[in-house]
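The values are calculated or read from the model by the stated rules, or taken from the named source; none is laboratory data. Computed from a predicted structure; not experimentally measured. Cβ atoms come from the backbone with ideal geometry, glycine included; neighbour counts cover every protein chain shown. Ligands, DNA and RNA are excluded from the accessible area calculation, which covers all protein heavy atoms including side chains. Shrake-Rupley method; radii C 1.70, N 1.55, O 1.52, S 1.80 Å.
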Amino acid sequence: MEQLVLPLAPTVNPALPLTNPEETFKRAYLRMRMKRAVPEFQVEFRSYAGLRSTIRLQENRAEVRVSDILAEAPPLVLEALAEILLAQLFRRRPSREARECYLAHVFKPAVRHRIDEARRQRGKKQLLPARGRHFDLDEIFSQLNRKFFGNALPAARLGWSRKRSRRTLGNYDDAHRTISITRWFDSPSVPRELVEYVVYHEMLHMRIPTARNGHRRVVHSAEFRKAEKQFPKYETAIRQLKRLTAGRGAGLD
């Protein structure tokens, strides 16, 4: 993920890939055998803060915006992306081959590095200070790093989320090297061991990177789950988490 940094393109990149992107989308559309007329495609490459791609249909005009990180991707990769976006637009399932092709490209170390660079340069990570009203995340991080990781984890920026999210409880952002914890947990009603467990979970993401299994990203691998259960109060923390988030569809990234 750390091999090569290529220059990032301007807001709209006039340099097209090896094939005309509009023709690529048209070819994917025809191959999917849609039951309506072929839209007029307009494809632009934009300097998004990450690997973002969108498609919008207005009457018979399809406006496509693709991250400039993919501006020089092989035509086959762009056609795979076209199928994925069209499938989302028309509520169909993209083929396994399209997903495999696209993910095989975006998981390449050089491409992952470009994604991280784009996120660092173009995106902003807004967090509240680590010292909250009831818990100090920096102090918890240092304690856990010493106890479970032998102080081997590099320094990270920790902070409470700006919103009191009750769905996303914790998140580790590799590009910005940040750990954010929902501000909802900065409360005397939340046990300290639960906050420690959530921070520990996000610290494991620093140690165990996301893997790939076929066309799927594996965020919580078997190795990750095994390490997670080494937290001394794991079972207690899970019960507390379920009790606090019952019916909210909450989770940890």
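Odds and ends about this structure:
- In segment 47-59, the condition of being open to solvent by less than 30 Å² (accessible area, probe 1.4 Å), more than 23 Å from Asp174 (Cα to Cα), out of contact with any Gly (no Cβ under 6 Å at 6 or more places or on another chain) and not β-branched (Val, Ile, Thr) is met by no residue.
- Segment 102-122: number of residues that are in contact with a strand residue (DSSP E or B) (Cβ under 9 Å, 6 or more places away or on another chain) and of a type outside the set (Phe, Trp, Tyr): 5
- Any hit, segment 164-177, residues being over 18 Å from the mean Cα position of the chain (by Cα) and over 30 Å from Ala110 (Cα atoms): yes
- Number of residues in segment 56-83 that are of a type in the set (A, V, I, L, M, F, W, C) and in contact with a Ser or Thr (Cβ under 8 Å, 6 or more places away or on another chain) equals 6.
- Looking across segment 160-178 at every residue that is under 17 Å from Leu194 (Cβ atoms) and of a type in the set (Lys, Arg), the one that is most open to solvent (accessible area, probe 1.4 Å) is identified as Arg167.
- Here is the figure for segment 181-217: residues that are within 21 Å of Leu153 (Cβ to Cβ) and open to solvent by 20 Å² or more (accessible area, probe 1.4 Å) total 9.
- Any pair with Cβ under 8 angstrom, 6 or more apart, that starts in segment 147-167 at a residue that is more than 20 Å from Phe185 (Cα to Cα) and ends at one that is open to solvent by less than 20 Å² (accessible area, probe 1.4 Å): Phe148/Tyr200; Phe148/Met203; Phe148/Phe231; Phe149/Met203; Asn151/Asn145; Ala152/Asn145; Leu153/Asn145; Leu153/Met203
- Filtered residues of segment 91-107 (kept if open to solvent by less than 50 Å² (accessible area, probe 1.4 Å), part of a loop (DSSP other than H, G, I, E, B) and either without any contact (Cβ under 8 Å) to a residue 24 or more places away in the chain or over 15 Å from Arg217 (Cα atoms) (or both)): Pro94, Ser95
- Inside segment 74-90, residues that are in contact with a Leu (Cβ under 8 Å, 6 or more places away or on another chain) and open to solvent by less than 30 Å² (accessible area, probe 1.4 Å) make up a count of 3.
- Test: residue in segment 122-139 that is at negative phi, free of Cβ contacts under 8 Å to residues at least 40 places away in the same chain and in a helix (DSSP H, G or I): yes
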